[in-house]
1. Determine the pairs where a residue that is farther than 19 Å from Leu126 by Cα, located within region 92-105, has a partner that is exposed (fewer than 14 other Cβ atoms within 10 Å of the Cβ) and not basic (Lys, Arg) with Cβ atoms under 7 Å apart, the partner being 6 or more residues away or on another chain.
2. Test Leu88 against the stated conditions and say whether it is crowded, with 20+ Cβ neighbours inside 10 Å and under 20 Å from Phe189 (Cα atoms).
3. Pairs only if they're at least six apart or on different chains, beta carbon under 9 angstrom, first in region 145-170 and part of a helix (DSSP H, G or I), second hydroxyl-bearing (Ser, Thr, Tyr) and crowded, with 24+ Cβ neighbours inside 10 Å; list them, first residue then second.
4. I'd like the full set of residues that are at pLDDT 95 or above and either outside any helix (DSSP H, G or I) or touching a strand residue (DSSP E or B) at 6+ places or on another chain (Cβ under 9 Å) (or both), limited to region 102-121.
5. Out of the residues in region 219-236 that are at pLDDT below 85 and surrounded by 14 or more Cβ atoms within 10 Å (Cβ to Cβ), state the one that is nearest to Val27 (Cα to Cα).
6. Give the residues of region 122-144 that are of a type in the set (D, E, K, R) and part of a loop (DSSP other than H, G, I, E, B), sorted by residue number.
7. In the set Asp71, Asp76, which member is without any contact (Cβ under 8 Å) to a residue 12 or more places away in the chain, touching a strand residue (DSSP E or B) at 6+ places or on another chain (Cβ under 9 Å) and under 25 Å from Ser28 (Cβ atoms)?
8. I'd like to check something: does region 34-55 contain any residue that is surrounded by fewer than 16 Cβ atoms within 10 Å (Cβ to Cβ), in contact (Cβ under 8 Å) with a residue 40 or more places away in the chain and touching a Ser or Thr at 6+ places or on another chain (Cβ under 8 Å)?
Amino acid sequence: MTEVIKLEEVHKTYHTGEVDVHAVSGVSLEIMPGEFVAIMGASGSGKSTMMNIIGCLDRPTEGHYFLDGVDVSHLDRDELAAIRNKKLGFVFQGFNLLSRTSALENVELPMLYTHDHITSVQQRDLALHALEIVGLSDRADHYPNQLSGGQQQRVAIARALVNNPAVLLADEPTGNLDTRTSVEVMGVFQKLNNEGITIVMVTHELDIASYTKRNIIMRDGVVVNDVAVQNRLLAEVELRNLQQAQQAVKLST
């Protein structure tokens, strides 16, 4: 199986006056089709820059980035926009829905920028199917202000899915949601991943990252840990038990 995302010694340096900021420093990693990956780290760790590179919103200063087998490292702006629309689906923290446009019309939007010749009827059918996948086909004619935050995010997920991307990218997708709604939205992501969709998500929340299958943790522009979620959760439980045991010993002495 060929990796859907492959980074080889990727660097990203920003030049701000006389100071060079090394946002990403020599990152190499592979993400296979069907994975559900969380990229984590504190503010300034490089995770947002990594997401921008993976999402073809920015180019690496050095190194190579292969997306679905294509080296996109040095493509120009128009070429990046074309491959972004064809290969990637985006879900953002703020939903980014058009307020005067129905859920169905919001989901149809990405298809207006493709070079595929599909009819308006086909666009509508594909958009309805995407809404059905996220459980909102009965809200197709509703406007964003008629939907809850969780429903708006599900419309955004449907919009990201409608062009059948190779990778679904989610940037802090639960950041504007309460705990209960966050759990519902993460359930949608898990369902999509169980159906074979590759998902890469940026988050700083451990409880949200626990819904994924793999955690990539960044610090100061480098990957400091890359572990299966089950292994991370077991390590956290062992650490918590050890801390409780140490505390019990202190109280007994």
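The values are calculated or read from the model by the stated rules, or taken from the named source; none is laboratory data. Values in this document were obtained by computation on a predicted structure and should not be read as measured data. Cβ coordinates were reconstructed from backbone atoms using ideal geometry, including for glycine residues, and neighbour counts include every protein chain displayed.
1. Ser99/Asn145
2. Criteria met by Leu88.
3. Close Cβ pairs (under 9 Å, with a partner that is hydroxyl-bearing (Ser, Thr, Tyr) and crowded, with 24+ Cβ neighbours inside 10 Å) amount to Gln153/Thr174.
4. Ser102
5. The residue in question is Arg232.
6. Of everything in region 122-144, just one residue is of a type in the set (D, E, K, R) and part of a loop (DSSP other than H, G, I, E, B), namely Asp141.
7. Asp71
8. yes
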